[in-house]
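I have placed the structure first, in the form of structure tokens, so that the comments after it can refer back to it.
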Amino acid sequence: MQKRALGRGIGALIPEKIIEEKERIIYLPTEAVRPNPYQPRKIFNQAELEELIQSIKEKGVIQPILVRRVGPHYELIAGERRLRAAKSLQINEIPAIVKEVSDEESLELSLIENVQREQLNPIEEAHAYQHLMEKFGITQEKISETVGKSRASIANSLRLLKLPQEIQEEIIQGRISFAHGKVLLEIEDINLQRNLAWKIVAHGLSVKELEALVKQKCPIRQKAKRALHHTDPNIMAWEESLQHLLGTKVKINQGRKRGNILIEFYSSQDLQRIINILHKR
């Protein structure tokens, strides 16, 4: 199978010139297209959807949706907003490109479209990455290649799922940013996390203001964090090697007489995946 272009957005997947006959644009009954069960996006901005509805009402559906054949039906891969808008206008047919892809590829393509267009909130994005890792055994490195983001960015995104559910909900609603969430993750005390999250929402704290508060409340942890900047380059190289092998964040802590290795995992399935890799060595 020819290698797909990765990290280049949905435009790389729907070229202007469609060479293969099986990927030509066709018109499908809107009712024949089923939702994508792997759609990472759960929340749709109603105002933006209304704008799209008005645009389609005036000009029609210009860009085709992307679907795959599943039995007698077609399953959406990308273009859910266009499909929703068309259905709300009671448009009977919609332009589509039919692509033969697996479940894994369907999720990848949907994820690429949403990430490249910045349509996912940080928690939806993290859940999509987690689903790729759990259901299909995809490593963080492969995900980073697929969506065109650094592996550190993928790891930071997944770490958001360690925050309490109520804080995740604030991130979903946009009242707490991804950057705020990263700072809150530096705090081990869950109650303190919740308290600071409330202050972010109630007082509109900036990331710098939050960092100053964390520094006041966790001075010892901040000193330890500053010390990390002087890590032995050999240890950094070993960490990089282990992260490449295990597909997750690895931290080596070396003391004078002893040390430890911290390997992050994001679910029981992810833990089992790491154990399987270690057993093979």
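Remarks
- Net charge of Cβ neighbours under 13 Å - reference GLN168; Lys, Arg +1; Asp, Glu -1: 0
- Normalising the average separation of contacting C-alpha pairs (under 8 angstrom, six or more residues apart) by the number of residues puts the relative contact order of region 56-125 at 31 percent.
- Residues within the reach of a label modelled at ILE25 (point 7 angstrom out along Cα to beta-carbon, backbone nitrogen below 17 Å), restricted to region 59-81, are 59-67, 78-80.
- Overall shape of region 27-180 was characterised from the C-alpha gyration tensor. The equivalent ellipsoid obtained from it has semi-axes of 29, 20, 12 Å, in decreasing order.
- PHE136 paired with LEU161, simple spin-label distance in nm, labels 7 Å along Cα-to-beta-carbon: 1.5
- Gyration tensor over alpha-carbon atoms, region 68-137, equivalent ellipsoid semi-axes in Å: 24, 17, 9
- Other residues within the sphere of radius under 9 Å centred on the Cβ of LYS251, judged by their own Cβ, net out at -1 (K and R +1, D and E -1).
- Calculated FRET value between ILE275 and ASP103, using beta carbons and R₀ = 30 Å, to 0.05: 0.80
- Listed residue (ILE200, LEU161, TYR129) projecting farthest to the positive dipole end of region 122-227, Cβ model: ILE200
- Cross-linked pairs LYS182/LYS280; LYS162/LYS215; LYS42/LYS87; LYS149/LYS182; LYS182/LYS217; LYS249/LYS280: Cα-Cα separations exceed 27 Å for LYS182/LYS280.
- Label positions at ARG256 and LEU192, each projected 7 Å from the Cα along the C-beta direction, are separated by 2.7 nm.
- Environment charge of PRO29, counting only residues whose C-beta is closer than 13 Å and scoring Lys/Arg +1, Asp/Glu -1: 0
- Remark: region 76-140 carries a charge dipole of roughly 360 debye about the Cα centre, counting +1 on each Lys and Arg Cβ and -1 on each Asp and Glu Cβ.
- Under the simplified labelling scheme, the ASP232-LEU185 pair shows an inter-label distance of 2.7 nm, with each label point 7 Å from Cα along Cα→Cβ.
- Order by protection proxy (mean Cβ within 10 Å, highest first), peptides 76-87, 152-163, 170-181, 269-280: 76-87, 152-163, 170-181, 269-280
- Under Stokes-Einstein, with the Kirkwood radius over Cα pairs as Rh, the value for region 122-227 at 37 °C and 0.692 mPa s is 224 µm²/s.
- Dividing the mean sequence gap of close Cα pairs (under 8 Å, 6+ apart) by how many residues region 231-280 holds gives a relative contact order of 24 percent.
- Region 231-280: proportion of alpha-carbon pairs further apart than 14 angstrom, %: 54
- Ordering LEU278, ASN253, SER241 by Cα displacement along the dipole of region 238-281 toward the positive end leaves ASN253 in first place; charges were set at the Cβ atoms of Lys, Arg (+1) and Asp, Glu (-1).
Values in this text are rule-based calculations from the coordinates and carry no lab data. Everything numeric in this text was worked out from a predicted model, so none of it was measured. All Cβ positions, even for glycine, are placed from backbone atoms using ideal geometry, and neighbour counts span all protein chains on display.
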